[in-house]
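Here's the structure we're looking at; comments come further down.
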Amino acid sequence: MQGFNFVVAVFLLTGMSEEMAFWLFVATIERILPADFYTGQMVGVHVEQQVLNLLVHTRFQKLAKVLDAYNIQLQFISTAWFITGFASNAPLEARASLYLSVVVLT
């Protein structure tokens, strides 16, 4: 899956050893993400996109109206976010802190 490199890169760029980055990545895939998240069909990614779409339409109605008015489908924007674990959009320090917090707390 294309997003793997972004997730692992965050670990490596924070000074983590390759072995530690590998095992942290394994823990992320096996313990945190849904089992079908990174499968060939990307079922988990599609489910998360539907949840995000529902959340936007129920909690952020002004944003939903703008997206609908311009016929912008949220899935085209959010696919990269979910595949890369938001690694391509946030500053490195924020991504590293978020990833480590999630792994430690689970």
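The values are calculated or read from the model by the stated rules, or taken from the named source; none is laboratory data. Please read all numbers here as calculations on a predicted model, not as lab measurements. Counting neighbours? That spans all protein chains shown, and the Cβs are built from the backbone with ideal geometry, glycine included.
Just a few scattered comments:
- Cβ-Cβ under 6 Å pairs, at least 6 apart or on other chains, the stretch 4-16 side closer than 22 Å to Phe37 by Cα and touching a residue at least 12 places away in the same chain (Cβ under 8 Å), far side β-branched (Val, Ile, Thr) and assigned to a loop (DSSP other than H, G, I, E, B): Phe6/Thr84
- The stretch 31-59, subset at pLDDT below 85 and not in a loop (DSSP other than H, G, I, E, B), residue surrounded by the fewest Cβ atoms within 10 Å (Cβ to Cβ): Arg31
- Cβ separations smaller than 6 Å between residues 6+ apart or across chains give the following pairs from the stretch 59-80 residues that are touching a residue at least 24 places away in the same chain (Cβ under 8 Å) to residues that are assigned to a helix (DSSP H, G or I): Leu74/Asn53; Gln75/Gln49; Ser78/Gln49; Ser78/Leu52.
- Test set (1) closer than 16 Å to Tyr99 by Cα; (2) exposed (fewer than 11 other Cβ atoms within 10 Å of the Cβ); (3) at pLDDT below 85 - Gly15 fails condition number: (3)
- Whichever residue in the stretch 60-94 is part of a helix (DSSP H, G or I), among the small types (Gly, Ala, Ser) and closer than 29 Å to Thr14 by Cα and, among such residues, is modelled with the lowest pLDDT: Ala94
- Screening the stretch 30-75 for residues that are of a type in the set (Phe, Trp, Tyr) and more than 27 Å from Phe4 (Cβ to Cβ) and picking the one that is farthest from the chain's Cα centre (by Cα) gives Tyr70.
- Condition met for Ala27 (of a type outside the set (S, T, N, Q) and either closer than 22 Å to Val7 by Cβ or surrounded by 15 or more Cβ atoms within 10 Å (Cβ to Cβ) (or both)): yes
- Test for Ala35: is it small (Gly, Ala, Ser) and in contact with a Gly (Cβ under 8 Å, 6 or more places away or on another chain): yes
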